[in-house]
Amino acid sequence: MKVAILHSAHNISIEDAPYPRVEKDGVVIKVKACGICGSDLHIYRHGGTEGTVLGHEFSGDIVEIGANVTGVTIGNRVTAMSGVGCGKCYWCRQDQPIRCRNLKLLGYQIPGAFAQYVSIPGFKIGQYAALLPDNMTYQEAALAEPLSVALYAVMKANPRPEDTAVVIGVGMIGLCIVKLLKTFGVNRIIVSEPKIKRLNLARESGAEVMLDTTTVNVVAKLAEMTRGKGADVVFECAGLSTTYHQALEIVSRGGKVELVALYEQPITWDPSTIVMNDINLIGCGLRWDLPGAINLLQRKEINIQSLITHEYPLEKVKEAFDTQLMSDDAIKVMLIP
Ligand SMILES: [Zn+2]
Ligand SMILES: [Zn+2]
């Protein structure tokens, strides 16, 4: 089968690989669509481990089923995430391997879905895996993973409808957060972002105020808009030192700052700010409510198909990664094997 192999930074190519082996507790899926995630880009930029097969935002058809898997049949359309733990620690014993300290994750240590077929160990419908409704496209279903990341972020921040919410950085996850905040009844949504295309999509997604960071001083503008109080909740989705500090500056005393992005570089900062301003600093990661995300999409409570800006065949994997990395217009680039 064809598979995209990452060799070093910016060096990814299509190669032949053996058809993957099905695990007893897993399935093999014929991949129909797989999106490029921010974390894929991060590894593409820096190189990662030679031979890595990236890709974890995908959907496809089940073609093989392990002996211990129940509830699915060959041909079922599904989406899934997979994490395999050590099997012995507290979290593994609680059936939450995703919190295991020796976690192996799909698209990182476990070969991912930028391939014609992918083996998914630990496949369980309802837990990091979901069946697709008949009328849902594979592309839309592949967006369930990023949507579920945003869903967890919003649920963990638990905003009130009367809150002023700021989303710093509106790429895929930031835009999903804007859309979800609307469904949570939050009306005062402010976004800050340097790219025009993204600001326009944020408006279409329900944001009330769009701050173009190339021309606006976000800290001063937020102080003015909230009469010095600051935002009740800030979602930091940009992952830069400047935006991290900005988040701490624009949040209200007693407010919440949630870190959603991964940071390219370590940051030097003074934790006293958190203490003095009584800030709730929240991290969120490694949670995938894929059935919940599929449900939201199916009920049409949220429409994210318009966030797919580019599609490429698997053979053009390098072009796809470079587009996601460099094009100002790229929100979600999708590969179709
Ligand atoms: Zn992702
Ligand atoms: Zn474990």
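Summed over the range 253-285, the residues that are in contact (Cβ under 8 Å) with a residue 60 or more places away in the chain and either touching a strand residue (DSSP E or B) at 6+ places or on another chain (Cβ under 7 Å) or surrounded by 15 or more Cβ atoms within 10 Å (Cβ to Cβ) (or both) give a count of 6.
Pairing residues of the range 77-100 that are over 16 Å from GLY112 (Cβ atoms) and without any contact (Cβ under 8 Å) to a residue 12 or more places away in the chain with residues that are among the basic types (Lys, Arg) and not in a strand (DSSP E or B), at Cβ distances under 9 Å and at least 6 apart in sequence or on separate chains, gives GLY87/ARG93; TYR90/ARG99; TRP91/ARG99; TRP91/ARG101; CYS92/ARG99.
For every residue, the table says whether it meets (1) more than 9 Å from ligand 2 (Cβ to nearest atom); (2) at pLDDT below 95; (3) of a type in the set (S, T, N, Q); (4) crowded, with 19+ Cβ neighbours inside 10 Å.
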{"site": "LYS88", "(1), (2), (3), (4)": "no, no, no, no"}
{"site": "ASP95", "(1), (2), (3), (4)": "yes, yes, no, no"}
{"site": "ALA115", "(1), (2), (3), (4)": "yes, no, no, yes"}
{"site": "ILE120", "(1), (2), (3), (4)": "yes, no, no, yes"}
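Counting the residues of the range 241-293 that are in a loop (DSSP other than H, G, I, E, B) and either within 27 Å of ALA142 (Cβ to Cβ) or in contact with a Lys or Arg (Cβ under 8 Å, 6 or more places away or on another chain) (or both) gives 14. A Cβ distance below 8 Å, combined with a sequence gap of six or more or placement on separate chains, defines the contacts here; from the range 298-322, residues that are part of a loop (DSSP other than H, G, I, E, B) reach residues that are at pLDDT 95 or above and of a type in the set (Asp, Glu) in the pairs ILE304/GLU140. Annotation: of all residues in the range 44-71 being in a helix (DSSP H, G or I) and touching a residue at least 40 places away in the same chain (Cβ under 8 Å), the one that is farthest from ligand 1 (Cβ to nearest atom) is ARG45.
The values are calculated or read from the model by the stated rules, or taken from the named source; none is laboratory data. A quick note: this is a predicted structure, and the numbers were derived from the prediction, not measured. Methodologically, a virtual Cβ is constructed for each residue, glycine included, from the backbone with ideal geometry; neighbour enumeration extends over all protein chains shown.
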